[in-house]
């Protein structure tokens, strides 16, 4: 599990982490392309505390799967340690990870 060291007293553990390809047997990855939190009762904390921590660490995309609202919030465009864009997606919408460069994304 990727632990995001965000300070001396804060090390949130995201529900899902997409990290660059590498050998992580000796150490956790230092960078994440995407972090995902699945939120039920934690929605407020995921939108505030975790969003701020992940943006400050430079995570380019952070998704919150809002189980109660049936929405995936895509937080992107880090500016001055905060996500400048939050885009909601609903059932049937297509979401593409902007940082992923590979055979499934021409980006």
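The table for this structure:
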quantity	calculated
Positions within the range 58-84 being surrounded by 18 or more Cβ atoms within 10 Å (Cβ to Cβ) and not in a strand (DSSP E or B), in sequence order	59, 60
Qualifying residue in the range 22-34 (condition: crowded, with 18+ Cβ neighbours inside 10 Å and either free of Cβ contacts under 8 Å to residues at least 12 places away in the same chain or assigned to a strand (DSSP E or B) (or both))	yes
Residues that are over 18 Å from residue 19 (Cα atoms) and over 11 Å from the mean Cα position of the chain (by Cα), drawn from the range 53-76	66, 67, 68, 69, 70, 71, 72
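Read the figures in this text as sums done on the coordinates, not as results from a lab. Please read all numbers here as calculations on a predicted model, not as lab measurements. Using ideal geometry, Cβ is built from the backbone for each residue, glycine included, and neighbour counts are taken over all protein chains shown.
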